[in-house]
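Chemist: Attaching a single structure in structure tokens format; questions to follow.
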Amino acid sequence: MRRPVVAVAAGVLIIEAFVIAFINLVLGLAVKRQSMSLGGLAPGAMSAGAFAAGAAFAVFLLFCAAIAIRTAVTDRAPGRFARIVLVVCAVLHGLLGAAVVGMVGWPAFVAMMVTLGLVVATLVLYAEIGAANNGVAPEAGGTPSPTSP
């Protein structure tokens, strides 16, 4: 059950990366072609910022998808750095979900929450068993003794 869920999470993250890149490309082109400015900022700077933000976010999402793909293929829990990246991805989706519900609507919110759930499922399904024991291996009886360090 773990592998298919993580594979779906990777697929959703890849699709989302391309959608985010496309949306920022369209927004950057609209700002550039209509000479929009905000607070006196040059339209060229605003369009470059939209392009850069879209590219950076897409690369981040593709990196998260690569972590999920590696996790699904190896069927092993992601490492510490990879878990941190996935936690950041989950928090980012929570914040984006809260923002898009007001600007775009409920369908976008549902999409963000589904992605959030898949990223969190990746983290939870591959939670390391040894983390509960603080790295102490259980003794022969199966449970750690209260006197173990």
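Chemist: Along the charge dipole of the chain, pointing to its positive end and built from +1/-1 on Cβ of Lys, Arg, Asp and Glu, which listed residue (50, 124, 35) has its Cα farthest out?
Modeler: Toward the positive end, the furthest listed residue is 35.
Chemist: From the Cα gyration tensor of the chain, with a ≥ b ≥ c the square roots of its eigenvalues, which class applies: rounded if a/c is under 1.5, or else prolate if a/b is larger than b/c, or else oblate?
Modeler: On the way: a/c = 2.93, a/b = 2.67, b/c = 1.10.
Prolate, because a/c is 1.5 or more and a/b exceeds b/c.
Chemist: Continuing with this model, one more query. Taking R0 as 30 Å, what FRET efficiency do you get between residue 8 and residue 103 from their Cβ-Cβ distance, rounded to the nearest 0.05?
Modeler: Numbers: r = 26 Å, r/R0 = 0.88.
Calculated transfer efficiency: 0.70.
Chemist: Could you give the length gained on full extension between residue 29 and residue 127, defined as 0.36 nm per residue of separation minus the Cα-Cα distance, in nm? Show your work: numbers first, answer last.
Modeler: Values: separation 98, 0.36 × 98 = 35.28 nm, distance 4.27 nm.
Extending this stretch completely gives an extra 31.0 nm.
Chemist: Also: Based solely on its DSSP helices, what 222 nm [θ] is calculated for the chain when runs of n ≥ 4 H residues each add -39,500 (n - 2.57) and the sum is averaged over all residues, nearest 500 deg cm²/dmol? Before the final figure, lay out each step's value.
Modeler: Working: 4 runs with 108 residues, N = 149.
Only helices count here, giving -26000 deg cm²/dmol.
Chemist: While we're looking at this one, here's another question. Rounded if a/c is under 1.5, else prolate if a/b is larger than b/c, else oblate: which is the range 69-131, with a ≥ b ≥ c the root eigenvalues of its Cα gyration tensor? Kindly include the intermediate steps, with their values, before the conclusion.
Modeler: Working: a/c = 3.12, a/b = 2.48, b/c = 1.26.
Here the range 69-131 falls in the prolate category.
Chemist: From the phi angles alone, apply the Karplus equation (6.51, -1.76, 1.60; θ = phi - 60°) to the range 39-52 and give each ³J(HN,Hα) in whole Hz, x where the residue is Gly or Pro.
Modeler: x, x, 6, 5, x, x, 5, 5, 5, 5, x, 5, 5, 5
Chemist: Per 0.36 nm of contour for each residue apart, how much would the distance between residue 41 and residue 19 grow if the chain were fully extended, relative to their Cα-Cα spacing? Numbers along the way, then the final one.
Modeler: Numbers: separation 22, 0.36 × 22 = 7.92 nm, distance 2.62 nm.
Full extension of this stretch gives 5.3 nm more.
Chemist: Explain nothing, just compute: Karplus ³J(HN,Hα) = 6.51 cos²θ - 1.76 cosθ + 1.60, θ = phi - 60°, for every residue of the range 58-66 in order, whole Hz, x for Gly and Pro.
Modeler: Couplings: 5, 5, 4, 5, 5, 5, 5, 5, 5 Hz.
Chemist: Give me the distance between the Cα centres of the range 1-43 and the range 49-126, rounded to whole Å.
Modeler: 13
We did not get these values from a lab; they are worked out from the coordinates using the rules stated. Note that the structure is a prediction, hence the values are computed from the model and not measured. Note: ideal-geometry Cβ built from the backbone for every residue, glycine included; neighbour counts use all protein chains shown.
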